[in-house]
Amino acid sequence: MTPMNCILRTRHMRSRTFDRFARTNLGQAIVVGAVVAGLLLARGAGAQTAADSSLTVVWTAPGDDGTSGTAATYDLRFRTTPVAGTDTLSWWNGATRVNGLPVPRLAGSIDSVIVRGLNPVTTYYFILRTADEVPNWAGYSNIGIMATSGDVTPPGGIADLGITATTGTSIALRWTAPGNDGTTGTAASYDIRYSTSLITNANWAQATPVTGEPAPAIAGTPQTYTVTGLLGSVTYYAAMKTTDASGNVSVLSNVVSGATLDAIPPAPIRDLTVRR
Ligand SMILES: [Ca+2]
Ligand SMILES: [Ca+2]
């Protein structure tokens, strides 16, 4: 099986990068005397979250004897560092083994595995070896390289949080929606909190969280929320943070303060008398 038999999938934007790297490193694999067992192709798999980035590694099955028959087992390993020079052995010994590999199929078949639990926006290098039942181990494959996708950019910090109205028991807030990434896109959730003390990063955890915040609208949209259940004639501080779908949390917004209105009316008069 020569590298020409590989399946190159160009759907993914990064495939071109991989292709370039793979061709570069194919030579390296040959330099260290390895048998190239089909071209390893790593590609991004689907939408990612910070908690579960994955890559799909695809290759052509070699055989039991060269490119004939059916081999017995695979050993696929990865690292976030490339091979140093021609020292593939050191790279291999320090690499992480992928569990749950498929059983090799007939020579020429396309085998693959989804490698899960990777870090987002990180470049991974993969090398695969194949053995027959003895086992006789094949040399190193070429190096498959691919960066995981993922989102590590938090929503922008809200800077225009303001108070639009107060009553004896409530304070109405208004702000401009930030985005998923800075001021672009749509974030996933808001966390609005209030306190009778000035809110800072240090005491954010002690501030009282509200419930029922609106879902973030697309970046730039004015949004409102009214904090209710407050005491009258008390100065409150309010601030908020925004989280995106990958769990990236914005910095603390500007902090606003406002006093609820006097909610205590005069006592009813009980000694009213009438004279003539
Ligand atoms: Ca054999
Ligand atoms: Ca984001």
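Once segment 127-162 is narrowed to residues that are within 16 Å of ligand 1 (Cβ to nearest atom) and hydrophobic (A, V, I, L, M, F, W, C), the residue that is farthest from the chain's Cα centre (by Cα) is 134. Restricting segment 235-275 to residues that are within 16 Å of ligand 2 (Cβ to nearest atom) and over 18 Å from residue 209 (Cβ atoms), the residue that is surrounded by the fewest Cβ atoms within 10 Å (Cβ to Cβ) is 245. May I ask you to verify whether residue 180 is of a type outside the set (Phe, Trp, Tyr) and surrounded by fewer than 18 Cβ atoms within 10 Å (Cβ to Cβ)? When the stated conditions are applied, residue 180 does not pass them. When each of 253, 233, 246 is tested for being touching a Gly at 6+ places or on another chain (Cβ under 7 Å), over 15 Å from residue 158 (Cβ atoms), in a loop (DSSP other than H, G, I, E, B) and hydroxyl-bearing (Ser, Thr, Tyr), the lone residue that passes is 246. Might you check whether a residue that is of a type in the set (Lys, Arg), farther than 30 Å from residue 71 by Cα, more than 16 Å from ligand 2 (Cβ to nearest atom) and at pLDDT 95 or above occurs anywhere in segment 156-179? Yes: segment 156-179 contains one or more residues that are of a type in the set (Lys, Arg), farther than 30 Å from residue 71 by Cα, more than 16 Å from ligand 2 (Cβ to nearest atom) and at pLDDT 95 or above. Applying the criterion of being modelled with pLDDT under 95 and part of a loop (DSSP other than H, G, I, E, B) to the residues of segment 112-134, the residue that is nearest to residue 86 (Cα to Cα) is 122.
Looking only at residues in segment 163-182 that are of a type outside the set (A, V, I, L, M, F, W, C) and not in a loop (DSSP other than H, G, I, E, B), the one that is nearest to the chain's Cα centre (by Cα) is 181.
Taken together, the criteria exclude residue 194 from residues that are in contact with a Phe, Trp or Tyr (Cβ under 9 Å, 6 or more places away or on another chain), under 18 Å from residue 244 (Cβ atoms) and either more than 16 Å from ligand 1 (Cβ to nearest atom) or modelled with pLDDT under 95 (or both).
In the set 139, 157, only one residue is assigned to a loop (DSSP other than H, G, I, E, B), out of contact with any Ser or Thr (no Cβ under 7 Å at 6 or more places or on another chain) and surrounded by 13 or more Cβ atoms within 10 Å (Cβ to Cβ); that residue is 139. The set of residues in segment 196-249 being at positive phi and within 27 Å of the chain's Cα centre (by Cα) consists of 212, 220, 247.
The values are calculated or read from the model by the stated rules, or taken from the named source; none is laboratory data. Nothing here was measured: the structure is a model prediction, and the numbers come from that model. All Cβ positions, even for glycine, are placed from backbone atoms using ideal geometry, and neighbour counts span all protein chains on display.
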